[in-house]
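Novice: Below you'll find the structure I mean.
What follows is calculated from the coordinates using simple rules that are stated; it is not laboratory data. As the structure is a computational prediction, the values presented were derived from the model and not from experiment. Heads up, the Cβs are rebuilt from the backbone with ideal geometry, glycines too, and the neighbour counts pull from every protein chain shown.
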Amino acid sequence: MSNGKRATETEKVSTWNREHLLSLESLTQGEILTILDTARRFREVSTRSVKKVPALRGRVVVNLFFETSTRTRSSFSLAAQRLSADILDITAEASSTTKGETLVDTAKTLEAMGVDIFIVRHKNSGAPQMLAEALDTCVVNAGDGTHEHPTQGLLDIYTLRERFGDLKGKRIALVGDIVHSRVARSNIWGLTKLGAKVAVIGPTTLVPSSLKALGVEVYHNLDEVIADFDVFNILRIQLERQGEPQFPSLREYALLYGINEERLARMRKDVVIMHPGPMNRGVEITPAVADGPHSVILEQVSNGLAVRMAVLFLLNNARLRRQREGGKSTRHKVPV
Amino acid sequence: MAVLIKKGRIVDPAQKLDAEGDVLIAGGKVIACGKVGKEALKDALRDEELREIDAHGLIVSPGWVDMHAHLREPGDEQAETIRSGARAAARGGFTTVACLPDTNPPIDSESGAEYVRLQSERADGADVFPICALTKGCKGESLAELGQLSKAGAVAFSDTRPMERTDLLLKGLKYASMFDRIVSDIPRDPFLGRGVMNSGAVATLAGLSGSPAVAEELAVVRGCLLARESGGAWHAAHISTAGAVRQMAHGKQEKLRVSCAVSPVNLLLTDEEIRERYDTRYKLRPPLRSQSDIEALLKGIESGIVDCIVSAHAPVSDERKDMEFDLAPFGGSTIEIALAATLEVLVHQRGMSISRVIELGSARPAELLRMKGRKGTLAPGADGDVALIDPKKKWKVDSSAFISKSHVCPIDGATLRGQVAYTIVRGNVFEMETAVTR
């Protein structure tokens, strides 16, 4: 990397002024690229024998998870640890919310103990937004209801850029439960901002046609369009979010939309298969495909760590800079 | 005290009146409207002192009649009481309020209905009348004693929630017609309409569950068909969609006994408001819809398909709104702004005649609540209920200054044109400058 290039990246980092990451919808193309470029530099940290840098030394990061999660939570924990932050893990079962305390009160109580960054997962859409408005800390959305999961979107995009470079004109299909998927929304916003062509494929009951307004193609017959895409991102069937079942049976779903070897054979030769996990093996994806040569599922996981390090690093920098410059809190006021 | 309102523009659609003149109120009743004769004035002054109000530049409207307001008492007095709600209504220009029975316990008994009337008398605000439960406990299982409730003061019947059982709604319509009362139905399919906001692109992107427009249209179709089947009077408590207007138009063309109301908030805001901040003050029932729905509602109002304006006042204690969007309760405090918001959107933005708008807020709802001649008009012999309106006065909504116990208002901060200067309830004068004091 030349010195000139390095300078522009440093410049990008120093112009980053967001203290929250709530959605990819709210980011510009430039901001998305800044995160991804920063992530690339952190990716290298994972290959060292001492996997630690002092960027967040003395900062306190709290994982505030109101929904169960293994991969996202451990990924954020490790990311924070590699940046030398102190990390506190809180799950809903262990918190006061079960005693009737409101979300904001719970977070404010923790904030009073000197928290710098909250990483929030919540079953209700918009909950991280609410905290960002109420608190004077950084807030990272680690998945809210059926709204967005921005770091998942970023790590998916990071993985694709490692493969393709520029994503302009690349055709990417999201398959499955789009209605209930926050991963889908973040992917759609992020990918379209980088010029990729996004399609959603799934049963009519799980794919909202209103997405066409965003320039997203909508298909219901997977087999008809199976040879048209560079990437298939297979989403998990989220039975826990559906309430009432949205299709007759998992068996029927697997027959219509399950990605198996037979379908893989009809895809493009160099197709990339993704899955945000956790997988329902045998439902939306068969083991042979998930573990096969086209799959980048484990790469996605490793890249997630670097992306999350980048996010924590950038948000913290922006907050420190604002505090140094004596700026006002970014807490929103109610617009009149 | 007798009240003489002088030199105002009297607009009373029930009398087809729109002319400058005076109104005399004595003994709580309108004595004269238009020209006040010397004899009448003398008679009035025999037992009472006279208060004169210079109404120059003001519109003298019959006091408005709100046929859809939750006053939360008994059971949720933190959010509202009949007293606070009645006084808030008076400040907003409403002199009559029909309050809903979805309290705890629900208003489904004679003693409950009488309690509402008693609290209203003690309230020193608008007159409050109970809409009573259609079924026992508002549970939708068996009919309440509609005959006894009518005697005790019920002005209409409603379960204040969607009726699951079509057979009971049909039976209720038939039975209520014996006592000449409307059944005010919440037009929402109970299964399809379960979401937290309008279905559509905004809900999809925000990741919030949607209640589709068709859930409302379906309920209106059902209501119209059951009105035909029963011969009863079916009323849609509040409509918000183009589809509902379309179906109401069919029903009215067929001359069925059907009617409907609209809340002005549904004419001012769309579901886009929810997009950016998940602000729970926009979590309302009916939900905020799209611009094309607003256009259809406005056309429906102009063509007479919509019968009246309601506040849809649904006060919620402030702290309960301070929650995740999914978990926050529906509702908002709107009784103090409904009249002004209606003038803003219908008169100032849409150019409708003031007379037609006043009809939507007074004469027609009074008729639906079977109070024609007594409420909603300034004809001699009617209750002395007046709203004196400064039609062009600009003011900014400040919900923190509400009399209502709930300060969560979907149009807080908005600038409206048209403000109530005085409200008079059976001869008692409430002056707005000094808030509500006699």
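Novice: Do the alpha carbons of any pairs in B:Lys16/B:Lys392; A:Lys123/B:Lys139; B:Lys7/B:Lys42 sit beyond 21 Å of each other, and which pairs?
Specialist: Cα-Cα > 21 Å for B:Lys16/B:Lys392; A:Lys123/B:Lys139; rest within.
Novice: With an 8 Å Cα cut-off and a minimum separation of 6 or more residues, compute the relative contact order for chain B in percent.
Specialist: Result for chain B is 20 percent.
Novice: With a cut-off of 15 Å, note down the residues of the range B:376-406 whose backbone N falls inside the zone around a label point 7 Å from the Cα of B:Thr415 toward its beta carbon.
Specialist: It comes to B:392-398, nothing else.
Novice: Under a GNM of chain B (C-alpha, springs under 10 Å), which listed residue has the highest mean-square fluctuation: B:Ala14, B:Ala89, B:Ala237?
Specialist: Comparing B:Ala14, B:Ala89, B:Ala237 in a Gaussian network model of chain B, the most mobile one is B:Ala14.
Novice: For each of B:Leu343, B:Leu134, count neighbouring Cβ atoms within 10 Å of the residue's Cβ, then give the residues from fewest to most.
Specialist: B:Leu343, B:Leu134
Novice: Also, I was wondering about something else. Which of the trypsin sites (Lys or Arg not before Pro) found in the range A:102-183 are loop residues per DSSP with 11 or fewer other Cβ atoms within 10 Å of their Cβ?
Specialist: Answer in residue order: A:Lys168.
Novice: Could I ask something else about it? Before rounding to the nearest 500, sum -39500 (n - 2.57) across all DSSP H runs of length at least 4 in chain B and divide by the residue total; then give [θ] at 222 nm in deg cm²/dmol.
Specialist: -8500 deg cm²/dmol
Novice: How far is it, in nm, from the label point at A:Ser14 to the one at A:Glu44 when both lie 7 Å from their Cα along the line to the Cβ?
Specialist: Those two pseudo-labels are separated by 1.9 nm.
Novice: Using DSSP to call loops (not H, G, I, E or B), can you name the trypsin sites (Lys or Arg not before Pro) in the range A:226-319 whose Cβ has at most 14 other Cβ atoms within 10 angstrom?
Specialist: For trypsin sites (Lys or Arg not before Pro) across the range A:226-319 that sit outside H, G, I, E and B with at most 14 neighbouring Cβ atoms in 10 Å, the list reads A:Lys269.
Novice: Please arrange B:Asp47, A:Asp291 by how many other C-beta atoms lie within 10 Å of their C-beta, fewest to most.
Specialist: Least to most surrounded, the residues fall as B:Asp47, A:Asp291.
Novice: I'd like the FRET efficiency for A:Val225 and B:Arg374, computed as 1/(1 + (r/R0)^6) with the beta carbon distance as r and R0 of 51 Å, rounded to 0.05.
Specialist: Computed FRET efficiency for A:Val225 and B:Arg374: 0.15.
Novice: Here is a follow-up. Please figure out what share of the DSSP beta bridges in chain B is antiparallel and state it in percent, rounded to the nearest 5.
Specialist: 50
Novice: So what's the convex hull volume per residue for the Cα atoms of the range A:25-169, in Å³?
Specialist: Per residue, the Cα convex hull of the range A:25-169 comes to 126 Å³.
Novice: Also, I was wondering about something else. Quick one: compute the contact order of chain A, relative version, from alpha carbon pairs under 8 angstrom and 6+ residues apart, as a percent.
Specialist: 21
Novice: With chain B treated as a Gaussian network of Cα nodes joined by springs under 10 Å, which of B:Lys171, B:Lys375, B:Lys255 yields the largest mean-square fluctuation?
Specialist: The residue with the greatest mean-square fluctuation here is B:Lys255.
Novice: Okay, next question. By its C-alpha gyration tensor, with a ≥ b ≥ c as the square roots of the eigenvalues, how is the range B:62-368 shaped: rounded for a/c under 1.5, else prolate for a/b larger than b/c, else oblate?
Specialist: Here the range B:62-368 falls in the rounded category.
Novice: Using only alpha-carbon positions, what ratio does the radius of gyration of the range B:25-184 give when scaled by 2.2 N^0.38 Å?
Specialist: This ratio for the range B:25-184 stands at 1.25.
Novice: Okay, next question. Measuring from centroid to centroid over Cα atoms, what is the spacing of the range B:346-396 and the range A:53-87 in Å?
Specialist: Comparing the Cα centres of the range B:346-396 and the range A:53-87, I get a distance of 61 Å.
Novice: Filter the GluC sites (Glu not before Pro) in the range B:187-263 down to the DSSP loop ones having no more than 11 other Cβ atoms within 10 Å, then list what survives.
Specialist: Filter output for the range B:187-263: B:Glu254.
Novice: On a 0 to 90 degree scale, rounded to 10, what angle separates helix B:166-177 from the longest Cα axis of chain B?
Specialist: Tilt relative to chain B: about 20 degrees.
Novice: Which aspartates and glutamates does A:Lys269 reach when only Cα atoms under 15 Å apart count, and residues fewer than 8 places away in its own chain are ignored?
Specialist: Within the straight-line limit of under 15 Å, A:Lys269 reaches these aspartates and glutamates: A:Asp228, A:Asp230, A:Glu261.
Novice: Once you have a ≥ b ≥ c as the square roots of the Cα gyration tensor eigenvalues for the range B:338-438, tell me rounded if a/c is under 1.5, and otherwise prolate or oblate according to whether a/b is larger than b/c.
Specialist: Oblate, since a/c reaches 1.5 and b/c is not below a/b.
Novice: If you take every DSSP beta bridge whose two residues both sit in the protein assembly as shown, what share of them, in percent to the nearest 5, is antiparallel?
Specialist: Beta bridges within the protein assembly as shown, antiparallel portion: roughly 30 percent.
Novice: What is the range A:150-296's relative contact order, in percent, from Cα pairs under 8 angstrom and six or more apart in sequence?
Specialist: Relative contact order, the range A:150-296: 24 percent.
Novice: Additional query: Starting from the amide H of B:Cys409, placed 1.01 Å from N in the peptide plane, find each other amide H under 5 Å away whose residue is 5 or more places distant or on another chain.
Specialist: Amide H to amide H, under 5 Å and 5 or more residues apart or across chains, B:Cys409 pairs with B:Ser333.
Novice: Moving to a separate point now. Can you bin the range B:278-344 into rounded, prolate or oblate? Criterion: square roots of the alpha carbon gyration tensor eigenvalues sorted a ≥ b ≥ c, rounded for a/c under 1.5, prolate for a/b above b/c, oblate for the rest.
Specialist: In terms of gyration-tensor shape, prolate.
Novice: Could you tell me how many degrees, from 0 to 90 and to the nearest 10, lie between the Cα long axis of helix B:291-303 and the main elongation axis, the longest principal axis, of the Cα atoms of chain B?
Specialist: So the inclination is approximately 40 degrees.
Novice: Something else about it: Report, in debye and to the nearest 20, how large the dipole of the protein assembly as shown comes out about its Cα centre when Lys and Arg carry +1 and Asp and Glu carry -1 on their Cβ.
Specialist: 1620
Novice: For the Cα atoms of chain B, what angle does the longest principal axis make with the long axis of helix B:110-123, in degrees from 0 to 90, nearest 10?
Specialist: For helix B:110-123, the angle is close to 50 degrees.
Novice: Roughly speaking, what is the stretch gain from B:Lys6 to B:Glu229, that is 0.36 nm per residue apart minus the C-alpha to C-alpha distance, in nm to one decimal?
Specialist: 75.3 nm
Novice: Sort B:Asp127, A:Asp86 by Cβ crowding within 10 Å, fewest neighbours at the top.
Specialist: Lowest count first: A:Asp86, B:Asp127.
Novice: Which of the residue pairs B:Lys372/B:Lys405; B:Lys35/B:Lys375; B:Lys6/B:Lys375; B:Lys174/B:Lys252; B:Lys136/B:Lys321 have a Cα-Cα distance greater than 23 Å in the structure shown?
Specialist: Pairs exceeding the cut-off: B:Lys372/B:Lys405; B:Lys136/B:Lys321.
Novice: Identify which of B:Gly413, B:Gly153, B:Gly200 has the largest mean-square fluctuation in a Gaussian network model of chain B, with springs joining Cα atoms closer than 10 Å.
Specialist: B:Gly413
Novice: Based only on the alpha carbon positions, what is the Kirkwood hydrodynamic radius of the protein assembly as shown, in angstrom?
Specialist: 28.9
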